[in-house]
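One structure below.
The values are calculated or read from the model by the stated rules, or taken from the named source; none is laboratory data. Keep in mind it's a predicted model, so treat the numbers as computed, not measured. So basically every Cβ, Gly included, is an ideal-geometry build from the backbone, and we count neighbours across all protein chains shown.
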Amino acid sequence: MTAPIFAVHCRPRGAETRPLPDGGLTTHILYAPTVPVERMSATRVLLPGGRILPPQRHRTAESALVMLSGYAAVLSGPTMAAALPAIGDLIYIPVGVPYAVVNLSRNAAVLLLAITTDPDFDVGTVAADEHSNTVADRAVALRAEHLERITQRRASNPRRRR
């Protein structure tokens with residue numbers, strides 16, 4: 001593939017949006033051969049309220065998740081340790097590390113930007129089903145903790161009377 005000598009402007013098209021397991025949507029926005037990338041790809045991931053992006057791993061690619069909106073937990077590693085990224089935070093996932101994304105809200109969607117060093121995006125992605133039960137159990141506890149945090153925040157910040 002010959003490298004372009006100028007920047008490439010790529011707008012995602014509806015045909016590039018695909019359903020994910022459990023009702024999410026992914027829109028590929030940077031991938032070969034649509035864009036002449038050699039070492040990376042990117043997709044927007046929309047995860048509806050109450051949903052989980054099932055455990056997976058990338059056999060040959062590094063990945064990064066950037067939180068764009070919503071409340072999520074990223075569970076990763078052999079014990080599915082939880083990270084709670086804020087909007088704008090980046091979660092780096094090394095090659096071969098299993099991970100899952102849990103939408104902590106029952107109603108609001110989570111929007112992520114997923115970037116990987118696989119130019120075809122998901123060629124080396126495999127399910128990590130051995131972590132499914134752990135993720136499901138952790139999701140229940142994490143959602144309860146999230147609800148408690150939101151409730152406390154609202155209770156400690158009453159609206160001012162006018």
Residue 55, sole failed condition from (1) part of a loop (DSSP other than H, G, I, E, B); (2) farther than 18 Å from residue 111 by Cβ: (1)
Single match in 106, 57 (criterion: surrounded by fewer than 16 Cβ atoms within 10 Å (Cβ to Cβ) and of a type in the set (Lys, Arg)): 106
State yes or no: is residue 139 within 12 Å of the chain's Cα centre (by Cα), closer than 17 Å to residue 22 by Cβ and modelled with pLDDT of 95 or more? no
Can you work out which of the residues in the range 85-110 that are free of Cβ contacts under 8 Å to residues at least 40 places away in the same chain and outside any strand (DSSP E or B) is nearest to residue 131 (Cα to Cα)? 96
Being crowded, with 17+ Cβ neighbours inside 10 Å, in contact with a strand residue (DSSP E or B) (Cβ under 9 Å, 6 or more places away or on another chain) and among the hydrophobic types (A, V, I, L, M, F, W, C): is that true of residue 90 here? no
Could you please find all residues in the range 63-84 being hydrophobic (A, V, I, L, M, F, W, C) and not in a strand (DSSP E or B)? 80, 84
Inspect the range 111-128 for any residue being out of contact with any Phe, Trp or Tyr (no Cβ under 6 Å at 6 or more places or on another chain), within 24 Å of residue 149 (Cβ to Cβ) and either without any contact (Cβ under 8 Å) to a residue 40 or more places away in the chain or of a type in the set (D, E, K, R) (or both) and give the result as yes or no. no
Select from the range 68-81 the residues that are touching a strand residue (DSSP E or B) at 6+ places or on another chain (Cβ under 6 Å), among the aliphatic types (A, V, I, L, M) and surrounded by 16 or more Cβ atoms within 10 Å (Cβ to Cβ) and list them in ascending order. 72, 73, 74, 75
When only residues in the range 97-107 that are at pLDDT 95 or above and of a type outside the set (S, T, N, Q) count, which is farthest from the chain's Cα centre (by Cα)? 97
